[in-house]
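What follows is a short report on a single structure.
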Amino acid sequence: MERTTRILGWGLGLCIGLGTMSCVSSKKYNELLEKQSLSTSENRELKKENQDCHAHLVESQALNKRMEKDLENARTEIDTLRRNYILMAADLAELQENYKKIDNEYKSSVSGKDELVEQLGLKEAELAEKESLLNTQAARLAELQSILDKKDQQINELREKVSKALLGFQDKGLSIQMKNGKVYVSMDEKLLFASGSWTVSPQGREAIHELADVMAQNPDIRIMVEGHTDDVPLRGKGDIKDNWDLSAKRATSIVRLLLENKDINPARVSACGRSEYVPLVPNETAENRAKNRRTEIILAPDLDELFQLIGTN
C-alpha cells in the first residue's frame, strides 16, 4: 500500500509538472506512460496479493476456530475418559474385593466340604461298625430266644407230666400252676405235716415220691423247696424256736424225700424256709392261715446255658 501511494503521488506530480511546462518531449511522455502502466500493473498485483492475504487470513481464522473447537472437544473427551476411568477403577476395585470374598468363601466351602466328607466317612465307618454289632446282637438275640423257646416248651411239657403224676392229689390240698416260666407245685400243710411238725405224713411221702420220679426223668430241671407258715407264733419245741425254724425244717424234710430217688442229683435241689413273710392271703381268718401254711416246690429250667450266652455279650 505504501508503495502504491508513493507511485500515485509521483504520477500526480508529473502531471502538474506537465501542465506548467509548455513543451514536453514525446520521449519523456512515453517514458511517463510506460511508468504509469507499470505502476497500474503493480497496483493490481498488490491488490490481488492483498485479497489473497485476506482470504488466507479468513481461512486461517476459520481453521484456528476449528482447531480450538477440536481442542475443546478433545479436552471434554479427556475429562469424560478420566471420569470413566475413575468409575472403572472403582468398579475394578469392587470386583477385586468381591472376587476375594468369593474366593475365600469358596476356599472355606471346599475346606468345610472336605471336613464334612471326612466326618461323613467316619460316620459311615461308625454306622458300618454298629450295623455289624447289631447283626451280631441280632444273631445272639435269636439264639437266646431259641433257648428261651426251648425252655418254655420244656417247662410246659414238665407241667403236663407233673400234673399227670400228681393228679390223684389235686383234690387233697395240692395245686399246680405256671408263674414266670416256672412250675409251682403247692402242697397244703394238711397233705404233708401235722400241726407244728416237720415229719412228712405217709400220704405226703407218696406225693413227693411221685414227683421225684418225674424229676428223675428231667435232669436239667432245678428244684427249690420253700416252707411257709402263718403268722401265729410257734411255741418252742426243742430245737424249733419259731416259724423260721419250722419252715426251714419242713423244706429240708421234703428235699430229703426227693433225694431218696438216687437219679436226682443233689446239686439240682435247694431248701429254703420263708417263715410267715410270703403269705398267699392276709392272715385274718383261720381259713386264710391254713392256705398260708404250705410247702411250695418250684421247678425251673436250667438257665446256665442262657446265662453263659448272655455273659458273652
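The values are calculated or read from the model by the stated rules, or taken from the named source; none is laboratory data. What you see is a predicted model; the values in this text were computed from it and never measured. As a convention, Cβ positions derive from the backbone with ideal geometry for all residues, glycine included, and neighbour counts pool all protein chains shown.
Summary table below
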item	result
Failed item, numbered, when Ala207 is tested on (1) closer than 30 Å to Glu287 by Cβ; (2) exposed (fewer than 14 other Cβ atoms within 10 Å of the Cβ); (3) small (Gly, Ala, Ser)	(2)
Count of the range 187-222 residues which are of a type in the set (Ser, Thr, Tyr) and under 20 Å from Asn261 (Cα atoms)	2
Of all residues in the range 137-163 being aliphatic (A, V, I, L, M) and surrounded by 14 or more Cβ atoms within 10 Å (Cβ to Cβ), the one that is nearest to Gln203 (Cα to Cα)	Val162
Residues (among the basic types (Lys, Arg) and surrounded by 16 or more Cβ atoms within 10 Å (Cβ to Cβ)) located in the range 177-199	Lys182, Lys190
Flag for Asp245 being in a helix (DSSP H, G or I), farther than 13 Å from Ile297 by Cα, in contact (Cβ under 8 Å) with a residue 40 or more places away in the chain and not β-branched (Val, Ile, Thr)	no
Odd one out for Met187, checked against (1) outside any helix (DSSP H, G or I); (2) over 22 Å from Pro282 (Cβ atoms)	(2)
Filter pass, Asp230 being among the charged types (D, E, K, R), touching a Leu at 6+ places or on another chain (Cβ under 9 Å) and closer than 29 Å to Asn292 by Cβ	no
Qualifying residue in the range 240-249 (condition: aliphatic (A, V, I, L, M), farther than 19 Å from Phe169 by Cβ and at pLDDT 95 or above)	yes
All positions within the range 164-176 that are of a type outside the set (A, V, I, L, M, F, W, C) and surrounded by 14 or more Cβ atoms within 10 Å (Cβ to Cβ)	Lys172, Gly173, Ser175
Residue in the range 254-277 that is loosely packed, with under 15 Cβ neighbours inside 10 Å, at pLDDT 95 or above, touching a Leu at 6+ places or on another chain (Cβ under 8 Å) and closer than 30 Å to Leu303 by Cα present	yes
Near pairs, Cβ below 7 angstrom, 6+ apart or cross-chain, from the range 26-50 (of a type in the set (S, T, N, Q) and at pLDDT 80 or above) to any residue that is surrounded by 10 or more Cβ atoms within 10 Å (Cβ to Cβ) and assigned to a helix (DSSP H, G or I)	Gln36/Gly11
Residue list for the range 248-276, restricted to those being among the acidic types (Asp, Glu) and closer than 21 Å to Ala290 by Cα	Glu276
Residue count for the range 174-228, restricted to those that are closer than 18 Å to Asn243 by Cα, among the small types (Gly, Ala, Ser) and touching a residue at least 24 places away in the same chain (Cβ under 8 Å)	2
Considering residues of the range 224-250 that are within 9 Å of Arg274 (Cα to Cα) and in contact with a helix residue (DSSP H, G or I) (Cβ under 8 Å, 6 or more places away or on another chain) only, the residue surrounded by the fewest Cβ atoms within 10 Å (Cβ to Cβ)	Glu226
